1. Search the stretch A:118-130 for residues being more than 25 Å from the chain's Cα centre (by Cα) and charged (D, E, K, R), and hand back the single one that is surrounded by the most Cβ atoms within 10 Å (Cβ to Cβ).
2. Scanning the stretch A:218-229 for residues that are touching a residue at least 40 places away in the same chain (Cβ under 8 Å) and either surrounded by fewer than 18 Cβ atoms within 10 Å (Cβ to Cβ) or of a type in the set (Val, Ile, Thr) (or both), which turns out farthest from A:LYS6 (Cα to Cα)?
3. Picking from B:THR58, B:THR115, which residue would you name as being farther than 30 Å from B:THR182 by Cβ and out of contact with any Phe, Trp or Tyr (no Cβ under 6 Å at 6 or more places or on another chain)?
4. Looking only at the stretch A:158-179, decide whether some residue is farther than 24 Å from A:GLU77 by Cα, within 14 Å of chain B (Cβ to nearest Cβ), surrounded by fewer than 22 Cβ atoms within 10 Å (Cβ to Cβ) and of a type in the set (D, E, K, R).
5. Would you point out which residue out of B:TYR61, B:TYR89, B:TYR141, B:TYR156 is in a strand (DSSP E or B) and over 21 Å from the mean Cα position of the chain (by Cα)?
6. Is it true that B:ASP121 is touching a residue at least 12 places away in the same chain (Cβ under 8 Å), acidic (Asp, Glu), at positive phi and out of contact with any His (no Cβ under 6 Å at 6 or more places or on another chain)?
7. Can you confirm whether the stretch A:100-111 contains a residue that is under 18 Å from A:VAL51 (Cβ atoms), part of a loop (DSSP other than H, G, I, E, B), within 13 Å of chain B (Cβ to nearest Cβ) and not acidic (Asp, Glu)?
8. Cβ contacts < 8 Å: first residue closer than 19 Å to B:LEU59 by Cα, restricted to the stretch B:10-22; second residue among the polar types (S, T, N, Q), any location; separation 6+ or different chain. Result?
Amino acid sequence: MSSVMKIENLQVKIGDKQILKGLNLELEPGKVHAIMGPNGAGKSTLSKALVGHYDVELTGGDIIYKGKNINDMEPEERALEGIFLSFQHPVEIPGVNNAYFLRTALNAKRKHEGKEELNAAEFLRLMRDHLEMLGMKSDMISRSLNEGFSGGEKKRNEILQMLILEPEVIILDEIDSGLDIDALRAVSEGINKMKDGKRSFLVITHYSRILDYIEPDYIHVLKEGRIIKTSGPELVAQLEEHGYDAIEEE
Amino acid sequence: MNLSNLKNKNALELNTLLGIKDRDILVERFRTLGLPSKKSEEYRYFNVEKLLEQEYKTLTYVPKTLTPSDKIKIVDGVVMAAPQGMRVYSEACQQIDMDHFDPLYYLGHLLSPQTIKIELDGDAEVEIEHKFTQSDALINYRIVLYNQANRHATVYENFVAEEIKNTLVLYGYDMHIAQDSTLRVVKMQNMQNNRYAMVASHKVNVAKNANAVLKSFDLGGDQALQLLKVELAQRAHVDAGHLLYLNEDSKRGTVSQIVHVGEHSTSKQEAKNILDGEARGIFDALIRVEHSAKYTKAEQNSKAILLHEKAYMVAKPQLEIYIDELEASHGATTGQLDPKQLFYLQSRGIGYVEARKMLVIAFANTLIEQVKDSRHQERIKETFEEVFYAVHKEHI
């Protein structure tokens, strides 16, 4: 099957430090790819590189998305084309209303797709069901974006954005960190709702806990800036038992 | 008239040049303070000399019969219209502050022996529109504003200019906020294209148990300075907020003195400054707590965001305190937009310019949302966007 995103020999620096050192990865449409690896392996750097974060400097390689090289594409263009990152630490933006922000983002996407923009009433109707499913209080959308949100609320808000924006490639960076079991269930339910056989997921995680809720198709082990092993879900148990040190490069 | 001719003149010469008599005390105050220059502390960051050196035509101020209107309309310093039943008339100012720090406060009074007097009855809400139609002119007028005790009045100030150029407006209020009352004054001024420059010199007396809420929204470009002196009696309160959003090479801002005279008086002064292009923002603010003002609470803060490497903020919050029994704080910060916040918005498909606008408005919002009337709040936001897009249109 042809890939929706192909990452070839990706080399990335942050500051003076080379983090990714020739990473290769292909994301298949409709599949869940989990990236696992020890601290400092480059997992978050990979997610930043894919969405065009200002911190990262591409020093080599290519990111091909739907047949197009997006190395030089601006972050907002990548988002409009359907790439979504759920942040490990979503930033708080006091003074920017959550609902206004999300409607602006949705309407930017609809405009990009040649669709009519939604007015406030239409948007609220669209959001209501999602809020209920995620167990979010309705006042959260009238508050400032992520301001004063608990860790769990921030992650639910990320998933709410994902549900509303309906991206095609979804990158979840440590989505389970800081979540209690109820929040983890709600967030996982939101993610699983998006699995429609077409969208691709890149789940970046330290631990296997989230993979009990979001069943992966592939496990990739990232170590020292490169993918050193790709396997099926059965690799999770092996990692749990023996750790990353026991994995040898293929 | 060339105002720089008033420099270093004795009282007799000033009387002759200004064509006045019997106002010796005011002349002496003006002469003592001297014509402002860049050496004057309060005008140090504002290019006042350039404005004073120009030749202006002077206008003749003839009071008009007022036409009924939903607002007070002042055209080139003359009241043309007012709401029916509202007491708006011409009268000599009875209470001039003899200890104001601004020489142009006195010059304003010397040039305008007759002031526009507005008496706000009850819980009035009124809009004052200042309109300027004359090029190359010195437009000078002063307004005396009274409200009633135990009442809560609101004034919305708005400024419009025709296609004029090189005009200087000297105006200002003497406000008398009565005991146990509240007066809210919300000023919105969008200046562009060098139509006029302005120096506004105010004096606000806040009586016992009264509240003054002064919100100023200064947007756009050009040159304008407001000089504000507030005196607080016992248990009086002032809440002074100032939003600057400047572009191009404008120089605008506030120079203020809040003087705590009465016990238990409180003040809160908050300035938010957003500076684009080569603009210079000015916040030179002093809070003075007199010996008589025990148990004062005073808070003063200025925050600035620079959107361009050539933008510049002068922030001088100062406290002058003569007693120990008080709570006082002051501070100033200057920074840039947070790149993490900007990236977060962009990562959701919001364009760079739009994302910057959202963050800039978010920064300003705490002040904008203090304007209770949603219609005026919306007008400020619309003007804000208009100014923003005028600067960033090439990137859209």
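The values are calculated or read from the model by the stated rules, or taken from the named source; none is laboratory data. Everything quoted here is computed from the prediction, not taken from an experiment. A quick note on method: Cβ atoms are made from the backbone with ideal geometry, for glycine too, and the neighbour counts reach across all protein chains shown.
1. For the stretch A:118-130, the residue satisfying everything is A:GLU122.
2. By that ranking, first place goes to A:GLU224.
3. Criteria check complete, one pass: B:THR58.
4. no
5. B:TYR89
6. No.
7. no
8. Matching pairs, first to second residue: B:LEU17/B:ASN5.
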